[in-house]
Structure formats: C-alpha cells, structure tokens
Amino acid sequence: MNKKVPERRCLICGTHKPKNELLRIVRLKDGSVVLDKTGKVSGRGAYICPNTNCYKKAKKIRRIESELGIDIPENIYEAVAAEISEKEDSEV
C-alpha cells in the first residue's frame, strides 16, 4: 500500500507539489525565522517553489513576510537563494 505524500502550494505561482519539493520558511514561536530543510521544524510555515522566478517575485512583493506576519531578515533570503542555486545546479 502506497503512503500518501502530503502536498503544499507555492505562495507565488500557486502550484501544488509534494511537500519535500518546496522550500519552507518558518516563523518560530520566539519570532525568529529559519529556512526549514527537513520540513519538521515546529512553527508557522510558508512554501515557495525552488526556482529563481518564484524567489525573486516573493522577495519583491514581500509575500512571505505577509504570510508569516513578520519581517524576513536578509540572511534568510540569502539562504533561500543558495538553496535554489544548489537545486538548479543539481538538475543540470
């Protein structure tokens, strides 16, 4: 019997994908923000596709900030950009 894979929706393009194919940014209870690579960090999460277009648009229109209700530090955006770059390089 196959186990059902949970799906999540990208905040930017609205595409539904398996949870492990999206990047998750999490607001923790203490108000800090982290990039969740495991998908298991406890807190309010926001998902985006691991591609440059969704990342640039998310940063430009501050969509992740409005979803999580908190300012996103620049180092989190840098970590997301590095993760996207790494994933795009591995696909080539």
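Quick notes
- Residue that is farthest from Lys60 (Cα to Cα), among those in region 1-17 that are modelled with pLDDT of 95 or more and of a type in the set (Val, Ile, Thr): Thr15
- Long-range neighbours under 6 Å by Cβ, at least six apart or interchain, first residue over 11 Å from Leu23 (Cβ atoms) within region 59-87, second of a type in the set (Gly, Ala, Ser) and surrounded by 15 or more Cβ atoms within 10 Å (Cβ to Cβ): Glu67/Ala46; Leu68/Ala46
- Residue pairs meeting the criteria (Cβ under 6 Å; at least 6 apart or on separate chains; first farther than 14 Å from Asn20 by Cβ, in region 34-45; second exposed (fewer than 15 other Cβ atoms within 10 Å of the Cβ)): Gly43/Leu28
- Within region 2-30, the set of residues being surrounded by 10 or more Cβ atoms within 10 Å (Cβ to Cβ), closer than 22 Å to Gly69 by Cβ and either within 12 Å of the chain's Cα centre (by Cα) or basic (Lys, Arg) (or both) comprises Arg8, Arg9, Cys10, Leu11, Ile12, Lys19, Leu22, Leu23, Arg24, Ile25, Val26, Arg27.
The values are calculated or read from the model by the stated rules, or taken from the named source; none is laboratory data. Remember, it's a predicted structure, so these values are computed and weren't measured experimentally. Here Cβ is always computed from backbone atoms with ideal geometry, including for glycine, and neighbour counts include all displayed protein chains.
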